[in-house]
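Visitor: The structure under discussion is supplied below as structure tokens; questions concerning it will follow.
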Amino acid sequence: MRLTRGIAAIGLIVLFAEAHAQQMLGQRSEIGFGVGTFNYTGDLVRTYNLAFSKPAATVFYRSNISSVISFRTAITGGKIGASDTRKPIDPFATTRAASFNLFLLEGSGTFEYHFLNWRDDKRRLRFTPYLFAGAALFGISGVQQKNGEYSNIQMAIPFGGGMKYVLNPKYYLAFEFGMRKTFFDYLDNISDGDPQYKNYQYGNVFDYDNYFFAGFTLTYTFYDIPCPSSPYR
């Protein structure tokens, strides 16, 4: 039930952000989708590790506010998980033998900044690096709460960068890598504990879990058709 309410909340936020984006629409709007991977860092995995990558996908709507700034709303979902038994970080982790495997659904709104004026037909640039940042809500399912009650819906700050390449006037391809900074320590269901008692269930309550999306996206561009104006006005 909590996940259902959370998904509904994410949907409302995305719809609100999309309506706001449409108001800011300048010359063009875009839709797209992408495939890639989710990854995680936390009490089971301290640094980004490709061995724990799991499949994920995204769909999005983007409005171009100017030649270098865009606003994107997206829904991204996929599996996320890790295990002490595959690559334990220390001997205590080997004994702890914890693992998790969740489905994560995210709704986000982000601003993108493009470093090059790649839409300028006179320059004929076919690529640009870009950065993005914004806000998101994510919901998780498949977790058994054993370390206290918490909400399955949480906030995150997505940020990262990528590279876009123009295939033709209507389509372009992009590769993107982004981090989601959370304020939540139970993605892996491991949090507080005192390692001096060696109960093997300890975590770091002051070090929140984070997750990442990396993948390729394909975008289709809609060109605005300006309305004719009366020459007598």
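Visitor: Is it the case that Ile80 is surrounded by 15 or more Cβ atoms within 10 Å (Cβ to Cβ), under 22 Å from Tyr130 (Cβ atoms) and in contact (Cβ under 8 Å) with a residue 24 or more places away in the chain?
Guide: no
Visitor: Would you confirm, using the coordinates I've provided, whether Phe132 is touching a Ser or Thr at 6+ places or on another chain (Cβ under 9 Å), at pLDDT 90 or above and within 21 Å of Phe183 (Cα to Cα)?
Guide: yes
Visitor: If you check Glu112, Glu106, which single one turns out to be of a type outside the set (S, T, N, Q), in contact (Cβ under 8 Å) with a residue 60 or more places away in the chain and surrounded by 14 or more Cβ atoms within 10 Å (Cβ to Cβ)?
Guide: Glu106
Visitor: Please give the number of the condition Thr85 fails out of (1) farther than 21 Å from Tyr130 by Cβ; (2) touching a residue at least 60 places away in the same chain (Cβ under 8 Å); (3) in contact with a strand residue (DSSP E or B) (Cβ under 9 Å, 6 or more places away or on another chain); (4) among the polar types (S, T, N, Q).
Guide: The one condition Thr85 does not meet is (2).
Visitor: Further, regarding this structure: Could you look through segment 49-65, keep only residues that are more than 15 Å from the chain's Cα centre (by Cα) and either touching a residue at least 60 places away in the same chain (Cβ under 8 Å) or surrounded by fewer than 17 Cβ atoms within 10 Å (Cβ to Cβ) (or both), and pick out the one that is nearest to Thr219 (Cα to Cα)?
Guide: Ile65
Visitor: Consider Lys146 against the criteria (1) at pLDDT 95 or above; (2) exposed (fewer than 14 other Cβ atoms within 10 Å of the Cβ): it satisfies all of them except one. Which criterion is unmet?
Guide: Every listed condition holds for Lys146 apart from (1).
Visitor: Which numbered condition in (1) of a type in the set (Lys, Arg); (2) at pLDDT 95 or above; (3) surrounded by fewer than 18 Cβ atoms within 10 Å (Cβ to Cβ) is the only one that Arg28 fails?
Guide: Status for Arg28: all satisfied but (2).
Visitor: Please indicate, with yes or no, whether at least one residue in segment 53-64 is modelled with pLDDT of 90 or more, under 25 Å from Leu137 (Cβ atoms), aliphatic (A, V, I, L, M) and not in a strand (DSSP E or B).
Guide: no
Visitor: Still on this structure, I have one more. Give the residue that is surrounded by the most Cβ atoms within 10 Å (Cβ to Cβ), with candidates limited to residues of segment 88-103 that are in contact (Cβ under 8 Å) with a residue 12 or more places away in the chain and outside any strand (DSSP E or B).
Guide: Arg96
Visitor: Please go through segment 155-187 and give me each residue that is touching a strand residue (DSSP E or B) at 6+ places or on another chain (Cβ under 7 Å), of a type in the set (D, E, K, R) and farther than 12 Å from Thr128 by Cβ, ordered by number.
Guide: Lys170, Glu176, Arg180, Lys181
Visitor: Next up: Can you name the residue in segment 201-215 that is in contact with a Gly (Cβ under 6 Å, 6 or more places away or on another chain) and at pLDDT 85 or above and, of all such residues, is farthest from Thr73 (Cα to Cα)?
Guide: My answer is Asp209.
Visitor: To continue, here is another question. Restricting attention to segment 180-200, which residues are modelled with pLDDT of 65 or more and not polar (S, T, N, Q)?
Guide: Arg180, Lys181, Phe183, Phe184, Asp185, Tyr186, Leu187, Asp188, Ile190, Asp192, listed by residue number.
Visitor: Residue under question is Ser70, and the condition is that it be surrounded by fewer than 22 Cβ atoms within 10 Å (Cβ to Cβ) and either under 19 Å from His114 (Cβ atoms) or at pLDDT below 95 (or both); does it hold?
Guide: Answer is no for this residue.
The values are calculated or read from the model by the stated rules, or taken from the named source; none is laboratory data. This one's a predicted model, so the numbers in the text were calculated from it and none came from an experiment. Don't worry about glycine lacking a Cβ; one is built from the backbone with ideal geometry, like all the others, and counts go over all protein chains shown.
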